[in-house]
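Bear in mind these aren't lab numbers, they're just calculated from the coordinates by the rules spelled out. Computed from a prediction, not measured in an experiment: that's the story for all the values here. All Cβ positions, even for glycine, are placed from backbone atoms using ideal geometry, and neighbour counts span all protein chains on display.
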Amino acid sequence: MYSFTVNGQPVSSEEDKKLMYFLRDDLGLTGTKDGCDSGACGACSVLINGRASNSCLFTLAKVAGKDVTTIEGLTQRQKDVFAYAFAQTGAVQCGYCIPGMLISAVSLLKKKPDPSDKDVRKGIRGNICRCTGYVKIIEGIKLAAKMLREEAPIPEVSFDGKLGHDFPRVDSVEKTLGTGKYVDDIVLPGMLYASAIRSAYPRARLLKIDATAALAHPDCVAVLTSKDVPGNNKIGHLEFISDWDVMIPVGEITRYVGDAVALVVSKKKTSLDTIKTLVEVDYEELTPLLSCEAALADDAPKIHEKGNLLTHEHLIRGNADEKLAQSKYVVSQHYSVPINEHAFMEPECAIALPEGDGILLHTGGQGIYDEQREVSRMLGLPKEKVHVHSELVGGGFGGKEDMSVQHHAALAAWCLKQPVKVLFTRQESLMVHPKRHGMEMDFVTGCDAEGNLTAMKAVVYADSGAYASLGGPVLQRACTHAAGPYKYQDIDIEGFAVYTNNPPCGAFRGFGVCQTAFAIESNINILAKKVGISPWEIRFKNAVEPGDSLPNGQLVTQNAALKESLLAVKPAYDEAKVAGVTCFFKNSGIGVGLPDAGRCIVSVEGGKVHVRTSAAGIGQGVATVMTQIVCETLDISPALVIAEAPDTQRTPDTGTTTASRQSLITGEATKRAAQQLRVELDMGRSLVDLEGRKFFGEFLPETDPLNSDKKNPVSHVGYGYAAEVVTLDDSNKLGKFVAAYDIGQVVNPKAAAGQIEGGIVMGMGYALTEKFEVDHGYVKARYATLGLLDATKVPPIETSFVHAGNNHDGMAYGIKGVGEIATILPAPAIAGAYYALDGELRPTLPLANTPYEKKKKK
């Protein structure tokens, strides 16, 4: 018997188990989050005898006789102060790390009631945040410390919710205090647990599955295989490319180590691993194809029936060869960037259960209608029989666009007619979900004697891994942005997305542009040196402004402020001893002639305005954005607005949270719906009079396909622009970031700054420390070895917003999008700083020969 106290109450257990599991599963204290189960992330932090500790590292035997305090056990005063402070400072995004952060803060303030910035960073160094960049969290902790120290009352504050005004995120309190529900926090009566058996090899023929011993286990309910799939065994995020097996059939060939071959269902979560080992699986191991070169060889076996070339793009405008031949200076360089892991804080989880003659799916993905489409196809059901409801989502960054756990939960629930939860371990998450594409890139860039860019050519090979995912659209964005936001017109950009037996690659914040931006911006630094002008000057000279056309021919709109962003960071660049500078752009909306749709229902229910969109909130705060658009349009208090969670029975299809599209595309739809309600209110009717009324808004932007023959095609409905300077200190580490962003109408300044800060830190990790280790197709990476940055490693970040013209005009009041562009600029800026330091080009990521490089042990 192990006895101790939890939140002041005596508890005991006869079974020794991890403290985290006991708190969550036995006591239902789900504010303690399971992020990695290995002591690397801090999401499960609790106080043990007053000291912040990772509950996943302690067994009950180790805490016997001790006092444990979870987020639920803090005093009401502490809860009130931190809820206020974190909301006021914008410290909360996806929220999954926040209860653990708060626990570490409480432990810190007990020792240091008046902490310095350095103290706070050190105090939360064991807690990883992938969203915020830590800046706002540090501000929130310091504000809470001040209020607790001075015994200050919680101020009464009011907000009008208008655009451009700070406004606390609508979900900040529940996320701060751990009361908000993520999927794994839900427990249903009679719930079963399922987990997939994954391929033992990157490429192998599946010969036999024998579940006899597993089925004899008392907890085993079923072992499902591809034969149990009632509909289509192929799924795929893009409707026209369904190439991913729900489970590999016997006799077929696996494509990567994340492939599912069988699904084990147990009465108990704790016995799943044991039952999985009892399933006998036989393979014929085959030689995997682990590079684009190997996959495209003439004698390479086909990974998919169509062959190993997923997609090919070739963008031509003008005559690049002729212009390069006439150029004074030409730079030709090869660049190589690796696969990169999202490392969102919440591992994937889904719960499915029977609902009438269909299925209800609780999910934490990035698009409920995509999930509905894929699950309905797999089960052979009409779409309306698959009801999908989104809970809170603990980060995504593109990594939760594809099916991971949803289809397996739905399949098991459909077959067994009981609720089923499928939860990834962190290691399974690392192995299974698509990553950022590794790319091999050859870039040729020219300019004249004065530094005016003349032409560029590029050839890009993207390793898309085992399945299509969003490899095609990612390659398109990589190519459409490869020339940069500059006013030369002669381009020749060819791209290949290739199937290999590596983990699949798909959407990741920046969507292919992080890779090509690193290449083109590095080439431009070399050109500046050849010309004899500064990297800042060559960019300002060539930067597009309103009325110019981008390299793809699209006219630059009047509200574009790229040059203003460069001017805003110029003082920091000029004052620094060593600095790198970059500027870039990123589309909003899907674009390139593909369908895109924003939809919203605004309804009046119970005297309040309900905003109903299916836009997934993955930390970016889309519910808050839509609330502020409604407040702006209707001129009402945010207290009268309720932004509903995505639900296929309540909220219309507004597409995936991807391509920096929701604030603009769904924002315009929400504006249109609210304007209809505004007409009614302006006629003198009250919300009481309008009870039960619904108003539908839709926005269907039109764009032109790649290589359109139009003189000035519209490739994307909008673009955001930005410039960044990064300085080096005397130890050659990063001194600070200075960032200026043109994101159109700023919806919520603190939230937008938080997005930028988080994106900068993510981009800094991509540039300097992050490494996703894959060895001959086997995933060797662990959460602790990814190279994620903690708060002590992040330099100061200064953010400002710039604009041109009247930002409040246009679609969605002139809102653009900030989620992706924030991650694109740091790597080229940092590479530029080190090139300025020693003249050494570093053409690979993470950058070599920096103080951040982890030296291999000899």
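Computed quantities for the displayed model
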read-out	value
Note, ³J(HN,Hα) from phi for region 337-348, Karplus 6.51, -1.76, 1.60, rounded to Hz, x at Gly and Pro	10, x, 4, 9, 9, 5, 6, 4, 6, 9, x, 5
Cross-link partners of Lys457 among lysines (Cα-Cα below 26 Å; sequence separation of 8 or more within a chain)	Lys323, Lys328, Lys487, Lys529, Lys530, Lys541, Lys563, Lys586, Lys710, Lys711
Neighbour-limited loop hits for GluC sites (Glu not before Pro), region 79-160 (at most 16 other Cβ within 10 Å; DSSP other than H, G, I, E, B)	Glu150, Glu151, Glu156
Compactness relative to 2.2 N^0.38 Å, alpha carbon Rg of region 604-750	1.34
Equivalent-ellipsoid semi-axes of region 2-181, from the Cα gyration tensor, Å, largest first	29, 16, 15
Net charge over other residues, Cβ less than 13 angstrom from the Cβ of Val46 (K, R count +1; D, E count -1)	+3
Net charge dipole size for region 558-667 [Lys, Arg +1 and Asp, Glu -1 on Cβ; Debye, nearest 20]	220
Tensor-based shape of region 655-739 (alpha-carbon gyration tensor, a/c under 1.5 rounded, otherwise prolate or oblate)	oblate
19 Å reach of a label modelled at Ser158, 7 Å along Cα-to-Cβ, counting backbone N of region 67-88	88
In sequence order, calculated HN-Hα J values of region 133-140 (Karplus, 6.51, -1.76, 1.60; Hz; x Gly/Pro)	x, 6, 4, 6, 5, 4, 4, x
Contour excess over end-to-end distance, with Cα ends at Met1 and Thr75 and 0.36 nm allotted per residue	23.8 nm
Cα centroid of region 117-171 to Cα centroid of region 488-511, whole Å	38
Theoretical FRET efficiency, 1/(1+(r/R0)^6), r = Cβ-Cβ of Arg149 and Lys608, R0 41 Å, to 0.05	0.60
Under 12 Å from the Gln326 label point (7 Å along Cα→beta-carbon), backbone N, region 539-582	none
Extension gain from Ala213 to Arg650, taking 0.36 nm per residue of separation minus the Cα-Cα distance	152.9 nm
Considering only the chain, percent of DSSP beta bridges that pair antiparallel, nearest 5	75
Mean-position separation - Cα centroids, region 548-570 and region 247-282, in angstrom	52
Cα centroid separation - region 703-744 against region 28-68, whole Å	41
Dipole of the chain, positive direction: furthest Cα of Val774, Ala497, Tyr256, with charges on the beta-carbon	Val774
³J(HN,Hα) computed for each position of region 534-542 - Karplus, 6.51 cos²θ - 1.76 cosθ + 1.60, integer Hz, glycine/proline x	7, x, 5, 5, 5, 6, 5, 4, 9
Rel. contact order, % - alpha carbon contacts under 8 angstrom, at least six apart, region 1-138	27
Residue order, fewest to most beta carbons within 10 Å, for Leu845, Leu143	Leu143, Leu845
Full-extension gain in nm, Glu575 to Leu640, via 0.36 nm per residue minus C-alpha separation	18.6 nm
Solution diffusion estimate, µm²/s, Stokes-Einstein, the chain, Kirkwood Rh from C-alpha pairs, 10 °C, viscosity 1.306 mPa s	57
